[in-house]
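Chemist: One structure, as structure tokens, below. Some questions next.
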Amino acid sequence: MGPPDRRLRDPLPADTTPGAHPLNGTRLAGLALDATDAPTAHPLMHHGRPLLLDLGGTRTPCPAEGLEQRAGAVNSEATQAIWRDVTAVLIRPDARIAWAGTDTDPQRRAADCLTTLRTLCR
């Protein structure tokens, strides 16, 4: 048996788009939710499709085939500081962050999310 494939261990390259969030391309970690049915995002990942978490507690209108959408609030006391400005996050089925948004406007968040989904599905 050979060494493990490095591509499975290494994080994706950071998004170099101006204004991209530093969480983009990293593995989901350190996000504690204020939800009794899912204290973290990991239990929500069992569907094998992208997950959009609207962390402002309102459902960002981001209609897309095969996208699971959840609204919730972040438990800021239990969450790493890098998450505190994030208002929405799109998580790939492999638990990597495709997009983290900080915009407080739901329409702009939805547009950014759809752009990211289209890029992922090319």
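The values are calculated or read from the model by the stated rules, or taken from the named source; none is laboratory data. Fair warning: this is a prediction, and the values are worked out from it, not measured in the lab. Every residue, glycine as well, gets a Cβ built from its backbone with ideal geometry; the counts of neighbours run over all protein chains shown. What goes into the accessible areas is simple: the full protein's heavy atoms, side chains included, and nothing from ligands, DNA or RNA. Shrake-Rupley method; radii C 1.70, N 1.55, O 1.52, S 1.80 Å.
Chemist: Restricting the range 55-101 to residues that are among the charged types (D, E, K, R) and more than 12 Å from the chain's Cα centre (by Cα), which is nearest to Leu117 (Cα to Cα)?
Modeler: Per the criteria, the residue is Glu65.
Chemist: Would you be able to say whether some residue in the range 91-100 is open to solvent by 10 Å² or more (accessible area, probe 1.4 Å), farther than 18 Å from Ala64 by Cβ and of a type in the set (A, V, I, L, M)?
Modeler: yes
Chemist: Among all residue pairs at least 6 apart or on different chains, which show Cβ distances below 6 Å where the first residue, located in the range 17-38, is free of Cβ contacts under 8 Å to residues at least 12 places away in the same chain and the second is surrounded by 11 or more Cβ atoms within 10 Å (Cβ to Cβ) and among the charged types (D, E, K, R)?
Modeler: Filtered contacts from the range 17-38: no entries.
Chemist: What pairs can you find where one residue is in the range 70-89 and aromatic (Phe, Trp, Tyr), the other is open to solvent by 50 Å² or more (accessible area, probe 1.4 Å), and their Cβ atoms are less than 9 Å apart, with a gap of 6+ or different chains?
Modeler: Hits for this filter: Trp83/Ser76.
This table checks each residue for (1) open to solvent by 40 Å² or more (accessible area, probe 1.4 Å); (2) touching a Cys at 6+ places or on another chain (Cβ under 7 Å); (3) in a loop (DSSP other than H, G, I, E, B).
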{"position": "Asp37", "(1), (2), (3)": "yes, no, yes"}
{"position": "Leu44", "(1), (2), (3)": "no, no, no"}
{"position": "Gly48", "(1), (2), (3)": "yes, no, yes"}
{"position": "Leu53", "(1), (2), (3)": "no, no, no"}
{"position": "Thr60", "(1), (2), (3)": "no, yes, yes"}
{"position": "Glu65", "(1), (2), (3)": "yes, no, yes"}
